[in-house]
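Have a look at the structure below before the remarks.
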Amino acid sequence: MIVTESLSDTVSDSELRALLRVLDGQRRHVLGILDGLDAKDLRRPVLPSGWHCLGLVQHLALDVERFWFRAVVAGDEEVIHGLTSGDEAWKVAPDVPVSEVLDLYRREAELVDAVVAAAPADAALAWWPHDLFGEPPHLHTVRDVLLHVITETACHAGHLDAARELIDGRRWLVLT
């Protein structure tokens, strides 16, 4: 019998699948908490910082999913050259349809899942913008990036929870 996959590869694959399930749960939270809001409410800032829900979703698509996985993990040159700087991803032009931003987020998630499926958990990062951020502080592998993105997405899902409650009183998770 020839074994083509080592036990560590199997553990790594199942670990990545588990982490992707957690990330997918946070992605569903992001989209679910916004369900039923109209374009006006999705663009309405409700906090003093001035961001709005649609801008946060675009930030998640471009600065989180695309940046961390397609640029940093995969080293996709086209993505790297197309990266924006500053807070540009938070800004959604008034003529951009809501569906375009939500579809962008869904599409980036699908592309990320493919990147993660193609890499072992301990794979080194392919690219890092040293000129902007210096050395990556604690992120050295695909696993590290997945954990970072899960945390960031969960944090932003919480921001969206607060914004939604301020907009119309709806809450995502109600514990009684």
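Heavy atoms only, probe 1.4 Å: what % of the accessible area of the chain goes to carbon and sulfur, would you let me know? Walk me through the intermediate numbers first.
Numbers: 5560 of 9820 Å².
Whole-percent figure for carbon plus sulfur exposure: 57.
Ignoring ligands, DNA and RNA, what accessible area per residue does the chain give at 1.4 Å, in Å²?
56 Å²
Roughly how many nanometres apart are two label points built 7 Å out from the Cα toward the Cβ at Thr151 and Glu88?
Inter-label distance under the simple model: 2.7 nm.
Determine the order of Leu83, Leu166, Leu19 by accessible area, beginning with the largest, at a probe radius of 1.4 Å. List each step's numbers first, then the result.
Details: Leu83 55, Leu166 105, Leu19 25 Å².
Heavy-atom accessible area, descending, gives Leu166, Leu83, Leu19.
In the chain, if the dipole is taken from +1 on Lys/Arg beta carbons and -1 on Asp/Glu beta carbons about the Cα centre, which of His140, Ala109, Gly32 is farthest to the positive end?
Gly32
On a full-extension model of 0.36 nm per residue, what is the gain between Ser99 and His130, subtracting their alpha-carbon distance, rounded to one decimal in nm? It would help to have the intermediate numbers written out before the result.
Values: separation 31, 0.36 × 31 = 11.16 nm, distance 3.44 nm.
Full-extension gain reported as 7.7 nm.
Measuring from label point to label point, each 7 Å out along Cα→Cβ, what is the Leu47 to Asp122 span in nm?
Modelled inter-label distance: 3.8 nm.
Taking just the C-alpha trace of segment 23-163, give me its Rg and Dmax in Å.
15.1, 43
Express in nm, to one decimal, how much length is gained between Val174 and Asp24 on full extension, taking 0.36 nm for each residue of separation and deducting their alpha carbon distance.
52.0 nm
List the relative contact order of segment 59-176 as a percent without decimals, with contacts defined as Cα pairs under 8 Å and 6+ residues apart.
On the way: 85 pairs, mean separation 36.4, N = 118.
Once normalised by length, the contact order is 31 percent.
The values are calculated or read from the model by the stated rules, or taken from the named source; none is laboratory data. Being a predicted model, the structure only gives us computed values, none of them experimental. Cβ sites come from the backbone with ideal geometry, for glycine too, and all protein chains shown count toward neighbours. Just the protein is used for accessible areas: all its heavy atoms, side chains included, with ligands, DNA and RNA removed. Shrake-Rupley method; radii C 1.70, N 1.55, O 1.52, S 1.80 Å.
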